[in-house]
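Every number in this text was worked out from the coordinates using simple rules, so none of it is lab data. Nothing here was measured: the structure is a model prediction, and the numbers come from that model. For neighbour counting, all protein chains shown are included, and Cβ atoms are generated from backbone atoms with ideal geometry for every residue, glycine included.
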Amino acid sequence: MPKTPETSTVSALLDLATRRLRGAGVPSARLDARVLLGHAMRVNPASLLPGSTRVVEASQAAEYAGLIDRRLLRTPVSHLTGSREFYGRPFHVTPDVLDPRADSECVVEMALACLPADRASRILDLGTGTGCLLLTLLAERVLASGTGIDVSDAALAVARGNATALGLADRAAFQVGNWLDGITGQFDLVISNPPYIPAAEIPLLQPEVRDHEPRLALVGGDDGLDPYRHICPELGARLAPDGVAVFEFGMGQARQVAAIAQASGLVSVQTVRDLGGIERGITLKSAVPA
Ligand code: GLN
């Protein structure tokens, strides 16, 4: 039998890729090397043990080398694998949508606290992107239904695909739109993770975000607060009696978002911190419920 070159074992490929990624300053080099090898081999990355002498097929090793080359250009791992896990479920991700972040899971928790499991709540998600907020809520609240709005048709296509893949398409509608413009009816929950990064801070972001994620989903005007200014004045009319709005916002923006809401006849019920301890979400309701 021909001797297998040791360079094609799982162990050797992982070591080489990790060295290349680390050398280029890629954060979480070893984890990324493993996740991408799992993707190339179509196996669960957790099954790839560091010292494994398992031989990787030549075509898969070549695919892996290509993935590592793209990761060296700081392409997000989710763009390479096409998927990101959010709140325990897989979401298809493309460069047309914001990559779901673990930070946003605290916003989901906040929203779930406002959605009784035994009620048929109506949910509106503004700037739905992958649909990760709306679809997670629908998965967690089986009587709920909702609509996801996005200004990007390409994003809506991703969200619709995710709804179908998660078996939620019968309770999720998607439509193109600009925040609450043209929306009628009332909702028990309006949720949004709008773009909230001040324009001048974009150059300071990590390259994965700065160079690969959609600007439309990141930049919220000069101070990052434009979307809240656009949404809040129209929000009261869209909230059902006892309805709430849950917004994600950026670091240090809690006070300003609450002030914008207050100027629109809304009051802050509470804020929540993300896993990093940063204030990240706010629950609002009408100051004078309908
Ligand atoms: N949380 C994202 C980041 O800091 C930004 C997402 C957003 O603007 N909503 O990269």
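In a fully extended conformation the segment linking residue 157 and residue 287 would gain 43.2 nm over its present Cα-Cα distance, using 0.36 nm per residue. Here is the result for the stretch 194-273: no trypsin sites (Lys or Arg not before Pro) lie in DSSP coil with at most 15 other C-beta atoms within 10 angstrom of their C-beta.
Would you please give the FRET efficiency between residue 117 and residue 46, computed as 1/(1 + (r/R0)^6) with r the Cβ-Cβ distance and R0 = 35 Å, to the nearest 0.05? Efficiency computed from Cβ-Cβ geometry: 0.65. Residues considered: 59, 152, 264. Largest GNM mean-square fluctuation over the chain, using C-alpha springs under 10 Å, is found at 59. Each label point was placed 7 Å from the Cα along the Cα-to-Cβ direction; for residue 237 and residue 205 their separation is 3.2 nm. On full extension, the segment bounded by residue 181 and residue 143 gains 11.0 nm, given 0.36 nm per residue less the C-alpha separation. Only Lys, Arg, Asp and Glu carry charge here, each on its Cβ (+1 for the first two, -1 for the last two); on that basis the chain has a dipole of about 720 debye about its Cα centre. Taking the charge dipole of the chain about its Cα centre, with +1 at Lys and Arg Cβ atoms and -1 at Asp and Glu Cβ atoms, the residue from 68, 137, 272 reaching farthest to the positive side is 68. Let me see the P(r) profile for the chain: every Cα-Cα distance counted, bins of 10 Å, each bin given as a percent of all pairs. With 10 Å bins starting at 0, P(r) equals 6, 26, 30, 20, 11, 5, 1, 0, 0. Qualifying trypsin sites (Lys or Arg not before Pro) in the stretch 81-133, where qualification requires a DSSP coil assignment and no more than 13 other C-beta atoms within 10 Å, comprise 119. What nm distance separates the two modelled labels at residue 65 and residue 229, each placed 7 Å from Cα along Cα→Cβ? Calculated label separation equals 5.3 nm.
The angle between the Cα long axis of helix 254-263 and the main principal axis of the chain comes to about 30°, on a 0 to 90 degree scale.
The distance separating the Cα centre of the stretch 1-79 from that of the stretch 126-156 comes to 34 Å.
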